[in-house]
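Enquirer: Dumping the structure here so I can ask a few things about it.
Rule-based calculations on the coordinates, nothing more; no lab input. All values derive from a computational prediction rather than experimental measurement. Here the Cβ is made from the backbone with ideal geometry for all residues, glycine too, and neighbour counts use every protein chain on show.
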Amino acid sequence: MNGAPAAVLILLTIFGSIFGITWMVMHYRTRSAVQPKELAAIEAQLRQISQAVDAIAVETERISEGQRFTTKLLNERAGAPAAEVRR
């Protein structure tokens, strides 16, 4: 490819690249960031999730304590030595 077709192809590639880069820059600049109202709502939801996870952890520990106590009582009733509980 020599001459005019090569020159046209080179010019199209250059102008296409310039157009593509310009479009990407404009798109990047105009994209919207998280609004303060939305950020406050997200923080409130995360706070609620954190509190729920903490409550679940406390309840799980209470269940574990109950299971250990029940196991201890059953072992004492059966006269068997208490099984070692691994954590």
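Enquirer: Quick check on the chain: helices-only [θ] at 222 nm, where DSSP H runs of length 4 and up contribute -39,500 (n - 2.57) each and the sum goes over total residues. Nearest 500, please.
Expert: It comes out at -29500 deg cm²/dmol, rounded to the nearest 500.
Enquirer: P(r) for the chain, please, calculated from all Cα pair distances in 10 Å bins and given in %.
Expert: 13, 15, 12, 12, 11, 11, 10, 8, 5, 3, 0
Enquirer: Which trypsin sites (Lys or Arg not before Pro) in segment 1-68 pass both tests, a DSSP loop state and at most 14 other beta-carbon atoms within 10 Å? Intermediate results must be reported in sequence, preceding the final value.
Expert: Details: sites: Arg29, Arg31, Lys37, Arg47, Arg62, Arg68; in loops: Arg31.
Filter output for segment 1-68: Arg31.
Enquirer: Compute the length gained on full extension between Ala57 and Leu74: take 0.36 nm times their separation in residues and subtract their Cα-Cα distance, giving the result in nm to one decimal. Don't jump to the answer; show the numbers that get you there.
Expert: Values: separation 17, 0.36 × 17 = 6.12 nm, distance 2.57 nm.
Taking 0.36 nm per residue and subtracting the Cα distance, the gain is 3.5 nm.
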